[in-house]
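The values are calculated or read from the model by the stated rules, or taken from the named source; none is laboratory data. Here the structure is a predicted model, which is why all the values come from computation and not from measurement. Virtual Cβ from ideal backbone geometry, glycine too; neighbours counted across all protein chains shown. Side chains included, ligands, DNA and RNA excluded: accessible areas come from the protein's heavy atoms. Shrake-Rupley method; radii C 1.70, N 1.55, O 1.52, S 1.80 Å.
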Amino acid sequence: PPWPLPWQQAYHRLRTAATGTGGVPATNLPRRLCRWIRVQQESWQHLHPGQQDLLTALGITPHAVAGERPARATRTYPTSPGLDHARAYTAQHGHLTPDKHTRQDGFPLGRWLCQQRRKARAGVLSTTTIEALTALDPWWNPPWPYTWHRTWQQYRTTISGNEPVPDTLQRWANAQRSQWSTLHPGQQQLLTHTGIHP
């Protein structure tokens, strides 16, 4: 599929757990599947239309109640120190797509962001942190491979700086044109903004 294989595997686990023709049972789903459903619902607009179709066929839509939702936490937690470093990085670079070795004022920002993406995909990252990171960069946790997103950022930075595009990035841009129909609509939108069209 044109989306990550782990997503497809999680979908098949959910489909296997679904009973009858009515789609996903309202209760008795394993907790991990409930979390996965919730993550899909919260990031619905970032899903590929094919992913949305597969979920809808199981009765999962952005607002459908499926599985058991965990009780809201009543305890408040302090803000992560990583958010301040993420803000500083975004102010300098205009995005939150650093490589995993990036440090911001000594803080391991790249590794911290990798952890936040992992937690968000597992459905265990706090809503407050998700909202704060999304306000800094709407594509901080893209639904496509992160390596694709980093390469797009490199391409965007190169052309916005009026620098010559290296051969490797030019080949990447040409590959995007030839694979256009398999790309997520969000990827197509980002490519269009940088002048890459099918």
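Observations, loosely collected:
- Toward the positive end of the charge dipole of the chain, with +1 on the Cβ of Lys and Arg and -1 on the Cβ of Asp and Glu, the farthest Cα among 92, 192, 51 is that of 51.
- Length gained on full extension, residue 84 to residue 128: 14.5 nm, using 0.36 nm per residue less the C-alpha separation.
- The chain: Cα Rg divided by the 2.2 N^0.38 Å rule of thumb: 1.14
- Integer Hz, Karplus 6.51/-1.76/1.60 couplings in order for the range 32-39, x for Gly and Pro: 5, 6, 4, 5, 4, 4, 4, 4
- Two-decimal Rg/Rh across the range 95-136, once Rg and the Kirkwood Rh are taken from alpha-carbon atoms: 0.98
- For residue 65, the solvent-accessible surface with a 1.4 Å probe is about 120 Å², rounded to the nearest 10.
- For the set 46, 63, solvent exposure ranked by accessible area (probe 1.4 Å, protein chains only) runs largest to smallest as 63, 46.
- Remark: the chain carries 58 Å² of accessible area per residue (probe radius 1.4 Å; ligands, DNA and RNA excluded).
- Rolling a 1.4 Å probe over the protein heavy atoms leaves residue 184 with an accessible area of roughly 10 Å².
- Cα centroid separation - the range 126-198 against the range 32-61, whole Å: 23 Å
- Efficiency of FRET from Cβ geometry, residue 103 and residue 165, R₀ 22 Å, rounded to 0.05: 0.20
- As computed over the range 109-192, the Cα convex hull volume per residue (Å³): 115 Å³
- In the chain, the longest principal axis of the Cα atoms and the axis of helix 81-93 are about 40 degrees apart.
- Length released on extending from residue 135 to residue 181, taking residue separation times 0.36 nm less the Cα-Cα span: 13.7 nm
- Assigned charges on the beta-carbon of Lys, Arg, Asp, Glu; the chain dipole about Cα centre (debye): 680 debye
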